[in-house]
Amino acid sequence: MADRKKEDRNNSFSELHMANYRFAMFHVERFRLILPLLAVVFLCSACSVQRSVITGNQRAYAYTWAQERQLGQQSDPQIVAQYGAYEDPELQAYVEEVAQRVLAQSHLRRPDTPAEFKNTPFTVRILDSPVVNAFALPGGYIYVTRGILSHLDNEAQLAVVLGHEIGHVAARHASQQAVTQQIGQLGVVGGAILGAAVLGGEAAESILNIGSQAAQLLTLRYGRGAERESDDLGVEYASLAGYEAAEGAKFFETLQRINEREGAELPTFLSTHPDPGARKETIQQIATQYDTQIQNQVVERERYLRAVEGTVFGENPRQGFVENGVFYHPDLRFRFPVPRGFQVVNQPQQVVLVASDQQALQYFQIVEASSAQAAATRFAQQQGLRVVDSGAARSGSLPAYFVLAEGQLQSGQKVGVLAYFVEHEGRVYRFTGLATTERFNQYDDVFSDVAQGFAPLTDARILGIKPWTIKIITASRTAPFRAFVPESLPEGVTPEDIAIINQVQLDTSIPAGTLLKIPSR
């Protein structure tokens, strides 16, 4: 973009008298999952008293079961779009098989269960995320991440995790919690995943790319009573399915070790429950109740390890990574510079760059358009956007188009916007820079430099980069676990991390013939 145009733009904004507006960013933790903070109002008239399939007693719910199924159906595509589905048909089929085995023993499949519950199909998905997480949506939608699969050690542990999430659905905890929060918060349900703050209102919904309904469901934090009930149900369902459910306690020891190692809050999985140490003891106690009832309980460690072998471990560089101040995307063959002091949040559908002072951000995504100019024209026609300047530009050798504008949020607060559209290999990419109006001049050049630095990726080393995956090896001798940890590990991963995913200590003696999970590239 010409210097003259930059000067004209700066002058245009210096003449605008706008209200102060401060951006807030998500506190991005190591797992880099972000969700918007959105307020959702439930009407008291929507609440109803219905019979629980768990206890048979009457309970208050915000939705009917049919409405819960509809909520799940509508929100599921948003979840998949936000996090991405992990494409491994064999692993997907395996997890579904275990889930169906556990589901068959749940209250939703028992002879005296009403047909509307008994006939509800369940959808189980693996999300392409390294975060250690599992969660459920109302109406029969269960999600586990590849991150949690890499930290589980056997099929019995997987069964307990799946049973816990099935328990949330069967107990209708989301519908119950909606009622509780409605009463306790005067009808307004709000809350942030990972204890984070976010841009408000429609800005959050458009920039962070998730619908308000899915955000609403994910921000309904279960109380400890609900988590304890799902603990009981998870162990019950896994035990009745023939698994040695006491194995689930070892996974919570793994969570405790992650917590201690990170020195921060627990991973998202069941983080509202009492600490993992207490959970470990509770699950062991619950599981003993079924030891005499269920014969030949199985663990299925080898079957589980063979199923997860080859799963991507940690961040997948094929989907984008930062190295020496540059963001690279090998699969889409592009790169662009990352401004100093900006934090990068890489999502399946976009990349968000957030300034350290939280006064500005720039997000990057693919847009549907025939050309950069066509995309810019459509962008400029958005309601509530006042165009200050626009025109043709270049990103190196690539054709581009920019739109400088001022926007106004529903609150009436105004922001400066610089959108930059670039054509590359048949796609149109958009950089959108947003800053407080009083700081926009400070970040205008930064936004331009990032967009103009977008270029084709030609580095053969980066184009050929491969993700780390889980490899299953057999211990060739009896030795401490540390003897089996390779010298080459993913960036930021330590031998202790490898011990954690194997649920052993570095000094644990590993008998010859033991199967172990080792990252490999």
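Run the 1.4 Å probe and let me know the accessible area of L255, rounded to the nearest 10 Å².
Roughly 10 Å² of L255 is accessible to a 1.4 Å probe.
Compare L162, L240 by solvent-accessible area with a 1.4 Å probe and give them largest first, with all protein chains kept in place.
Per-residue accessible area, sorted high to low, gives L240, L162.
How many percent of the accessible area of the stretch 295-424 is carbon or sulfur, using a 1.4 Å probe?
On the stretch 295-424, the fraction of accessible area on carbon and sulfur atoms equals 43 percent.
For the stretch 82-97, take each phi angle, set θ = phi - 60°, evaluate the Karplus expression 6.51 cos²θ - 1.76 cosθ + 1.60, and give the result in whole Hz per residue in order, putting x for glycine and proline.
5, 9, x, 8, 7, 8, 8, x, 5, 5, 4, 5, 5, 4, 4, 4
Taking all protein chains together and a probe of 1.4 Å, list K118, K517, K471 from the most accessible to the least accessible.
Order by accessible area, largest first: K471, K118, K517.
List the GluC sites (Glu not before Pro) within the stretch 62-101 that DSSP assigns to loop and that have no more than 11 neighbouring Cβ atoms inside 10 Å. All intermediate terms of the calculation are to be shown ahead of the outcome.
Details: sites: E68, E87, E90, E96, E97; in loops: E87.
Qualifying residues, ordered by number: E87.
Considering the stretch 421-521, what Rg and Dmax in Å follow from its alpha-carbon atoms?
Looking at the stretch 421-521, its Cα Rg and Dmax stand at 23.1, 66 Å.
For the stretch 458-521, run through the GluC sites (Glu not before Pro) and keep only the ones in DSSP coil with at most 11 other Cβ atoms within 10 Å of their Cβ. Walk me through the numbers before you get to the answer.
Numbers: sites: E487, E491, E496; in loops: E487, E491.
Here the GluC sites (Glu not before Pro) that fit, given the DSSP loop and packing criteria, are E487, E491.
Over what distance in Å are the Cα centres of the stretch 458-490 and the stretch 295-350 separated?
15 Å
Using a 1.4 angstrom probe, figure out how much accessible area the stretch 317-463 has per residue, in square angstrom, rounded to the nearest whole.
Heavy-atom SASA per residue in the stretch 317-463 reads 43 Å².
On the full set of protein chains, 1.4 Å probe, figure out the accessible area of R439 and give it in Å² to the nearest 10.
Roll a 1.4 Å probe over it and R439 shows about 80 Å².
Quick one: how many Å² of S150 are accessible to a 1.4 Å probe, rounded to 10?
10 Å²
Give me Rg/Rg_expected for the stretch 342-418, where Rg uses Cα atoms only and Rg_expected = 2.2 N^0.38 Å with N residues.
Rg over 2.2 N^0.38 Å, computed on Cα atoms: 1.21.
May I ask you to give the percent of accessible area on the stretch 431-479 that is carbon plus sulfur, with a probe radius of 1.4 Å?
49 percent
Would you rank T145, T494, T55 by solvent-accessible area, highest first, keeping every protein chain in place and using a 1.4 Å probe?
On the way: T145 5, T494 40, T55 70 Å².
Most to least solvent-accessible, the answer reads T55, T494, T145.
The values are calculated or read from the model by the stated rules, or taken from the named source; none is laboratory data. A quick note: this is a predicted structure, and the numbers were derived from the prediction, not measured. We place every Cβ from the backbone using ideal geometry, glycine too, and count neighbours over all the protein chains shown. Keep in mind that these areas ignore ligands, DNA and RNA; they rest on the heavy atoms of the full protein, side chains included. Shrake-Rupley method; radii C 1.70, N 1.55, O 1.52, S 1.80 Å.
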